Amino acid sequence: MQHLYISYPPDDHEFAHRLVTDLQDSGYPVFVDPVTQAGTMAWAAETRRAIRGCGAMIMILSPEEGRRTGIRHEGILARRRHKPVVVLLRSPGDVPRYLEHAAMVDGTRTYEDVLPDVLAAVPSPASLLLSPDPAAQVRPPRRPPRLISRQQRRRRFLVAVALVVAGVLLGIAFGIIPV
């Protein structure tokens, strides 16, 4: 099962949670509000897991207000993971380059006009619920680093010393290194 990942600025809490409620009422599983404080290492890990497991992302942006903590992290990770992104613009302004590929929804209109556009831009609840969670897929274990023995290290060291000595002797023989 996948979910919708909702990202929003702190000053747009009321709008974002109204949208979350309506999405959940429409049958969507939603991830919103990481437990940890934005910008911390724990927050980055939590959002990385949530974005990895999402089926689509809705980013509520107010470009007039400026950039907020974590927006770049979320946007770039979604792009790397090839997640569909819907940008809901709450104010006019330029969208960051890493979000230029996203579907844009004009959020400056009334909420009742915005909601149908958001629902049309995201995958259906059934497709999210029936899709496997990519974050839960098990990766094959990494091979442990190859360890070399003491004898191999000694042999490599002697070969390196022999090459340096041969280089110096050749340099002297050809007159590159003055004696």
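Bear in mind these aren't lab numbers, they're just calculated from the coordinates by the rules spelled out. Quick caveat, the model's predicted, so the values are computed rather than measured. Every residue, glycine among them, receives a Cβ derived from its backbone with ideal geometry; neighbour counts consider all protein chains shown.
ARG80 to ARG150: extension gain in nm, 0.36 nm per residue of separation minus the Cα-Cα distance? Additional length available on full extension: 21.0 nm. Summed over qualifying helices (DSSP H, 4 residues or more, each -39500 (n - 2.57)) and divided by its residue number, the chain shows a 222 nm mean residue ellipticity of -13500 deg cm²/dmol. For region 35-96, the list of trypsin sites (Lys or Arg not before Pro) that fall in a loop by DSSP and count at most 12 other C-beta atoms within 10 angstrom reads ARG67. Other residues within the sphere of radius under 15 Å centred on the Cβ of ILE51, judged by their own Cβ, net out at +4 (K and R +1, D and E -1). Once the other residues with Cβ under 12 Å from the Cβ of ALA42 are scored (Lys, Arg +1; Asp, Glu -1), what is the net sum? Net of charged neighbours comes to +1.
When the Gaussian network model of the chain links Cα atoms closer than 10 Å, the mean-square fluctuations of VAL122, VAL159, VAL95 top out at VAL159. Rounded is the label for region 13-97, because a/c, from the alpha-carbon gyration tensor with a ≥ b ≥ c as root eigenvalues, stays below 1.5.
Here HIS73, HIS13 are placed in order of increasing Cβ neighbour count within 10 Å, fewest first, which gives HIS13, HIS73. Scaled to the globular estimate 2.2 N^0.38 Å, the Cα spread of the chain, given as radius of gyration, is 1.71. When only the Cβ of Lys, Arg, Asp and Glu is charged (+1, +1, -1, -1), the dipole of region 15-129 relative to its Cα centre reaches about 680 debye. Among VAL114, VAL87, VAL164, the residue with the largest mean-square fluctuation in a Gaussian network model of the chain, with springs joining Cα atoms closer than 10 Å, is VAL164.
The relative contact order of the chain, computed from alpha carbon pairs under 8 Å that lie at least 6 residues apart in sequence, is 23 percent. The spacing between region 140-155 and region 77-101, judged by their C-alpha centroids, is 44 Å.
Comparing ILE76, ILE148, ILE60 in a Gaussian network model of the chain where C-alpha atoms under 10 Å apart are linked, the largest mean-square fluctuation is found at ILE148. Kindly express, to the nearest 10 degrees and within the range 0 to 90, the angle between helix 71-80's C-alpha long axis and the longest C-alpha principal axis of the chain. That works out to roughly 70 degrees.
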